[in-house]
Amino acid sequence: MPMATVYAALSIATLACAVDLRTRRVPNWLTFGGAAAALAFHVVSGGASGAAHSALGWATGTALLIAPFALGGLGAGDVKLVAALGAWLGPGDTFWLAMYTGIAGAAMAVVVAAWHGYLRQALRNLWLLLTYWRVSGLRPLPELTLSTSRGPRLAYAAPILIGTIATLWLR
């Protein structure tokens with residue numbers, strides 16, 4: 001992997017984390033701009049195969065996080081951020097990015113819930129959600145979506161940054 005790709009992915013993930021921690025939003029100019037820059041870089045450095053590699057990475061990032069978004073558990077900016085990072089990393093590394101991000105996100109969610117005295121309620125909510133899905137099928141539980149939940153919030157760009165670092169380090 002070219003060092004330019006490593007630096008670009010780390011820069012985008014770090015900037016997104018900083019903005020998300022401050023504003024609880026991941027800006028479109030960063031996600032779409034990052035994806036467009038990745039596509040341009042890969043076209044220049046690898047031609048048509050570079051473009052395909054970038055596009056498949058973007059599609060992989062989108063595909064892996066679209067279900068949590070559709071179920072109300074993840075923001076659109078987080079999906080677009082992983083897709084943009086996927087455009088830099090390609091499909092294989094994007095799979096690992098999503099896996100490491102999920103692990104980091106789960107660990108951070110436990111810490112944030114415990115810090116705010118919400119861990120017991122969070123575990124009850126998780127049990128309720130799993131029971132709801134078993135009975136009603138895989139669809140959003142209106143009381144437990146990002147827009148309606150009263151629990152503490154996790155700026156998910158932070159686990160995405162950790163997932164990016166782990167992906168680049170462990171490759």
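For the reader, a short list of remarks on this structure follows.
- Which of 112, 59, 76, positive extreme of dipole for the range 43-171 (C-beta unit charges): 112
- A value for log10 I(q)/I(0) by the Debye sum over Cα atoms at q = 0.09, 0.11, 0.20 Å⁻¹ was derived from the coordinates, and within the list (i) -0.38, -0.54, -1.36; (ii) -0.32, -0.47, -1.26; (iii) -0.50, -0.62, -1.25 it appears as (ii).
- Residue 114 versus residue 135: modelled label distance in nm, points set 7 Å from Cα along the beta carbon direction: 3.1
- Computed from the Cβ-Cβ distance with R0 of 35 Å, the FRET efficiency linking residue 48 to residue 3 stands at 0.95.
- Dipole magnitude of the range 22-128, debye to nearest 20 (Cβ charges: Lys/Arg +1, Asp/Glu -1, about Cα centre): 420
- Per residue, the accessible area of the range 45-112 comes to 40 Å², computed with a 1.4 Å probe over protein heavy atoms only.
- The chain: relative contact order as a whole-number percent, Cα under 8 Å and 6+ apart: 30
- In terms of its alpha-carbon gyration tensor, the range 1-78 comes out oblate; a/c meets the 1.5 threshold, while b/c is at least as large as a/b.
- MRE, 222 nm, helices only [DSSP H, n ≥ 4, -39500 (n - 2.57), over the chain, to nearest 500]: -27500 deg cm²/dmol
- Of all accessible heavy-atom area on the chain, the percent that carbon and sulfur account for (1.4 Å): 71
- Projecting the Cα positions of 87, 38, 156 onto the charge dipole of the chain (unit charges on Cβ atoms of Lys, Arg, Asp and Glu, taken about the Cα centre) puts 156 furthest along the positive direction.
The values are calculated or read from the model by the stated rules, or taken from the named source; none is laboratory data. In this text, all values refer to a predicted model and were calculated from it rather than measured experimentally. No Cβ is skipped: glycine too gets one built from the backbone with ideal geometry, and neighbour counts run over all protein chains shown. With ligands, DNA and RNA removed, areas are computed over all heavy atoms of the protein, side chains included. Shrake-Rupley method; radii C 1.70, N 1.55, O 1.52, S 1.80 Å.
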